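Take a look at the structure below.
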Amino acid sequence: MISDIKKRKPKTNLQTKQQLLVEVEELRTRLDATERRLQEANEILQVQITERKRAEEAFEKAQEYTESIVDTIREPLIVLTSDLKVISANRSFYETFQVAPEETEGILIFDVCNHQWDIPALRELLEKIVPQNTHFNNFEVDHAFPHIGRKRVLLNARRIYRKGKGTDRILLAFEDITDQKQTEEALKSSEKRYRRLFESAQDGILILDAETGQISDVNPFLVEMLGYSHEDFLGKKLWEIGVFKDIEASKTAFLELQGKGYVRYNDLPLETQDGRPMAVEFVSNVYLVNDHKVIQCNIRDITERKLIGEALQRAHNELEQKVEERTVELSEALSKIITMKDRLEAENIYFREERRTRGRFDNIIGQSDGLKYVLYRAEQVASMNTTVLILGETGTGKDLIATAIHNMSPRKKRALITVNCAALPGNLIESELFGREKGAFTGADIRRVGRFEIANGSTICLDEIGELPMELQVKLLRVIQHNEFERLGSSHTVKVDVRIIATTNRDLEEEVRKGRFRQDLYYRLNIFPITIPPLRQRKDDIPLMVQAFIDRYSRKLGKEITSIPKETMKKLQDYQWPGNVRELESIIERAVILCPGPVLQLTDKLEISSPQLSSAVRTLEETERNHILKILSETRWCIEGKDCAAAILGLHPSTLRARMQKLGIVRSKTKE
């Protein structure tokens, strides 16, 4: 301004002074205005400085607050300047990457830890990507750190602006995904293995949605097994394919699977697309995959195995049946062996008895016409299988005729089995005849073979058949008709081949009329009757019998009897012999025992029968009754014991009592 004045041309002094004053005044005015403006600007500047200080203080406080917050964040964080130098980092960063603050702060990020962070991917992010973007997320970095090993992290970068200064700071957040990546890789590897197993499995596999039941995957083996395409399965439900014909059962099974989480069917019928039936083993489990429930169904074709199993089962059943049949056969064979053993033992007893009997009666002695006719009849029927009924008084030798018939028959190689029906108690006759099982009745502690089984293939002689109880006559009739019976206590039918010879001293026709003997059984027995005459009708045979008995008992007792007086023989021939041959033998035996010398002397006083006894009208029963009464009177009614009535008559005491009851013989009080 002063320079401007100096440059002007000089004027007159007055003008110059006035002008100068004016100019000075103007200059002062302008200076005052400038000073005022400067003052105002200074005041404004002071206000701005104050506001800036307050803003900086607020920023510093906000920065400290932010840093305190950042320090508590679990993810590693680091703050950089715009030129990529480290300002600070949080505690997680230092702990994760194992560095100290003094090794990082103020240092270029790429030079941290002896250039460990000079990572190409990090350079690309910070130098190229971040300058062009406000922020950038999930930038993956894979780097091997010397101290902590290989790490895989996701970097999230954000530029922080400061008003009027542009990029003030850069915030880096690190997310360690090393374990996650390893898990993912393991999962991928597992999925690959599962897929290989899924596709190469030799069982059918279905994957279903547990909520809807829709099929999400199916392996090739099941596609080939059932004949449906892969597309036929996907999105469908089990009961919509056509494999499971029973839709309601399939839905029920699915509901059960949802509830239990496991369902197994060992034999489930399915059907292929072409209608071929098959059997499968069906196992289903519910799994949780990524918080979603899925169902895996394993389906195994067991059709062939089932067919093989059924074939094996049939073979097993056949084998079991054969074993059972063989066992039955062996059991039957064993039973037969046991029966045969018992029979052989019993036959041995009977054989010894038969030999003993044959020792006593080498031959049937006599030459009378009556005896010859009996032997002729026996010879006629011997070779046949006909049932024979031998009739005759007690002691006439009915058992000898039965033995003779057996010895002349084709069954002679086997022993004749004899059963005295009068000698057995009534409650044991059935057991003796037909046998019993163990426990059939009280006291039956062993299994026993009956006489009919023992006589199988041979002959059984039922002596005194008239004494057989009525209840057993029915069973005997069945044996005669059908050759079969059951043991006591058993329902098993026993088949036998037995010839029956029955003997009796009763008039069976009279017994039938009185209702004591079954008529049908009598007709079955009376096919070929043989009647043996009593000894009183065979007087010519008495001398031969007497001589035979003398010879037998003389040898047995060591005596020698050489003669028989005629008077003695006449007495023997004139006697009526109510006991027949058995009575004759007993008298001769006693005479030999008591004979002092070589001449036979009778010790028994033989009374000649009265006309009443010899009367032709007297019945056989009356004759028997009178004879028993006579012997009882002589023995003072002593029935059982030595020299008592039963011994003299040659009867078993029970038989004698039965005959006494039958004939109405009762000891009167006067006799007592």
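Some points to look at:
- Per-residue Cβ neighbour rank within 10 angstrom, fewest leading, W637, W577, W117: W637, W117, W577
- For the stretch 201-301, averaging the sequence separation of C-alpha pairs within contact (under 8 Å, six or more residues apart) and dividing by the residue count gives a relative contact order of 29 percent.
- Built amide H within the under 5 Å cut-off of I177, gap 5+: R152, V153, L154
- What the phi angles of the stretch 522-539 give under the Karplus curve with 6.51, -1.76 and 1.60, with θ = phi - 60°, is a coupling list of 4, 5, 5, 7, 8, 6, 9, x, 10, 9, 8, x, x, 5, 5, 9, 10, 4 Hz, glycine and proline written as x.
- Near E379, once Lys and Arg are set to +1 and Asp and Glu to -1 for all other residues with Cβ below 14 Å from its Cβ, the sum equals +3.
- Amide H contacts under 5 Å for T531, placed H, 5+ residues apart: L391
- Burial ordering of C644, C595, fewest other beta-carbon atoms within 10 Å first: C644, C595
- When the stretch 538-663 is described by a simple charge dipole with +1 on each Lys and Arg Cβ and -1 on each Asp and Glu Cβ, the residue from L606, W577, L656 located farthest towards its positive end is L656.
- Ranked for footprinting exposure by Cβ neighbours inside 10 Å, fewest first, E511, E124 give E124, E511.
- Mean sequence separation of contacting Cα pairs (under 8 Å, at least six apart), scaled by the length of the stretch 538-663, corresponds to a relative contact order of 22 percent.
- Net charge dipole, the stretch 396-539: roughly 500 debye, given to the nearest 20, about the Cα centre with Cβ charges of +1 for Lys and Arg and -1 for Asp and Glu.
- Relative contact order %, the stretch 489-600, counting alpha carbon pairs below 8 Å whose residues are six or more apart: 27
- Modelled FRET efficiency - R0 30 Å, D267 with E318, Cβ distances, 0.05 increments: 0.85
- Close amide H pairs (under 5 Å, H built 1.01 Å from N) link F517 with V512, residues at least 5 positions away or on another chain.
- Förster radius 60 Å - calculated FRET efficiency between R276 and I480, Cβ distance, rounded to 0.05: 0.40
Values in this text are rule-based calculations from the coordinates and carry no lab data. These figures come from a predicted structure and were not determined experimentally. Using ideal geometry, Cβ is built from the backbone for each residue, glycine included, and neighbour counts are taken over all protein chains shown.
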